[in-house]
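Okay, structure first, notes after.
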């Protein structure tokens, strides 16, 4: 898949990005606020370090792995075996083969298990990278697949009863207050024009704001130097909510992604995003 | 006869439906999380207040329940044992600035913070403040009457005693902050010399 010319372009981009980073470090004041990140975004223009992760994800898709030595090319993400273009934008959705509603991460996991014969437990042990790591395979795959939906209309199906039930569940969880601080998702995400410290908070009950938020993940996080997925974002929200750890691939994760995707339906996917 | 049966079935369905749904929700939630550090699954079980305050906005509130719950919260407020409401405002400023505490990655042996700046403007010199709650800059202008001291203490101890289903955590009732920390935050808000009540340098 990789060609020499691609590598040349990649190097050129890398140099450009590093140069701009240095420029950013020169011009911004030492204390961190949203202003710095806006300046960074302006300087970066259309460039996003996530491009390297996108390439990596594509390579993983075509790489033979697991006990079966198979690639993921036969994976059906909802639009037919091997169709990646636009697939992310129509998730989460119901899959007859598992009789479940699945999001991008749970579906990829299913394909790795069934097509490649890989052990779910091994991948689920560390689906997301920690600070200072390189990204994981799953993060790279999700980033590439999101990029395959860039510009596509967010269109999760709400036809099958299990799809509608998943949305209803997501809504209930969104408003569920628990833990020592009584926090729910809604504590921070049911009002517009609010901030935590200097961080703007999207109102996820609002179509436009849900589109901007849901449609821009996965995103390159400047503060971490890593691409993060929506699954990771949810896990980190719950940490801040003082809840226990959200299990990777769990029903709550799928339900909340369904809730956000349906609220954003009709909007346009812009991922991979570039975030603080 | 048929109509009666239908009505009975309907009444029974309505009668049991909410319980069934919330039981299913509870089991889905329990199955989706795992203990980590100090954050265990026990935290996901709701008390009556959390349960009442988990309705989507715009849904009709059950007013008698709301009234009862609010009064219960008010009756349960614990005031300072020595009758002294005001501690050290400088220590209170540190409590207000710290966002640490009770997350699974926090060290439980280190004191929790109040994280007040996450949602409120306080000292005007701190520009990184959130807006989920109202600005409390110059809060000290409200004075230190007994009513004001008791009101502010109650608001910090359990916001639901006055404003049921407010977004604010119950810092005293949920033991997020201890009595001395609450006194220090009180002083941070009300002491005329506190940075909350002084112009930015």
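Some observations on this one:
- Looking only at the stretch B:144-168, and only at residues there that are assigned to a loop (DSSP other than H, G, I, E, B) and free of Cβ contacts under 8 Å to residues at least 12 places away in the same chain, the one that is farthest from residue B:47 (Cα to Cα): B:145
- Verdict on residue A:227 being over 23 Å from residue A:149 (Cβ atoms) and either in contact (Cβ under 8 Å) with a residue 40 or more places away in the chain or within 14 Å of chain B (Cβ to nearest Cβ) (or both): no
- The residue of the stretch B:169-198 that is surrounded by the most Cβ atoms within 10 Å (Cβ to Cβ), among those that are out of contact with any helix residue (DSSP H, G or I) (no Cβ under 8 Å at 6 or more places or on another chain) and not in a helix (DSSP H, G or I), is B:176.
- Selection count where residues are within 10 Å of another protein chain (Cβ to nearest Cβ) and within 24 Å of residue B:168 (Cα to Cα), scope the stretch A:237-251: 9
- Single unsatisfied condition, residue B:114 versus (1) surrounded by 22 or more Cβ atoms within 10 Å (Cβ to Cβ); (2) part of a loop (DSSP other than H, G, I, E, B); (3) out of contact with any helix residue (DSSP H, G or I) (no Cβ under 7 Å at 6 or more places or on another chain): (3)
- Residues being over 15 Å from the mean Cα position of the chain (by Cα), within 14 Å of chain A (Cβ to nearest Cβ) and not in a loop (DSSP other than H, G, I, E, B) - total across the stretch B:27-75: 13
- Flag for residue A:92 being touching a strand residue (DSSP E or B) at 6+ places or on another chain (Cβ under 6 Å) and touching a residue at least 40 places away in the same chain (Cβ under 8 Å): yes
- Checking each residue of the stretch A:101-111 against the condition of being in a loop (DSSP other than H, G, I, E, B) and either touching a residue at least 24 places away in the same chain (Cβ under 8 Å) or crowded, with 21+ Cβ neighbours inside 10 Å (or both) gives at least one match.
- Condition broken by residue A:45, with the remaining ones in (1) modelled with pLDDT of 95 or more; (2) at positive phi satisfied: (1)
- Counted residues, the stretch B:98-113 - those being within 11 Å of another protein chain (Cβ to nearest Cβ) and under 17 Å from the mean Cα position of the chain (by Cα): 5
- Among the numbered conditions (1) free of Cβ contacts under 8 Å to residues at least 60 places away in the same chain; (2) in contact with a strand residue (DSSP E or B) (Cβ under 9 Å, 6 or more places away or on another chain); (3) assigned to a loop (DSSP other than H, G, I, E, B), the only one that residue A:188 does not meet is (3).
- Among the conditions (1) crowded, with 19+ Cβ neighbours inside 10 Å; (2) within 19 Å of the chain's Cα centre (by Cα), residue A:115 misses just one, which is (2).
- The stretch B:128-152, residues that are loosely packed, with under 13 Cβ neighbours inside 10 Å and within 14 Å of another protein chain (Cβ to nearest Cβ): B:134, B:135
- Some residue of the stretch A:176-197 being surrounded by fewer than 19 Cβ atoms within 10 Å (Cβ to Cβ) and modelled with pLDDT under 95: no
- The set of residues in the stretch A:252-267 being touching a strand residue (DSSP E or B) at 6+ places or on another chain (Cβ under 7 Å), crowded, with 24+ Cβ neighbours inside 10 Å and more than 11 Å from chain B (Cβ to nearest Cβ) consists of A:258 alone.
- Listed by first and then second residue, the pairs with beta-carbon distance under 6 Å, at least 6 apart or on different chains, first residue in the stretch B:53-79 and over 21 Å from residue A:178 (Cα atoms), second surrounded by fewer than 13 Cβ atoms within 10 Å (Cβ to Cβ) and modelled with pLDDT of 95 or more, form an empty list.
The values are calculated or read from the model by the stated rules, or taken from the named source; none is laboratory data. Nothing here was measured: the structure is a model prediction, and the numbers come from that model. Here Cβ is always computed from backbone atoms with ideal geometry, including for glycine, and neighbour counts include all displayed protein chains.
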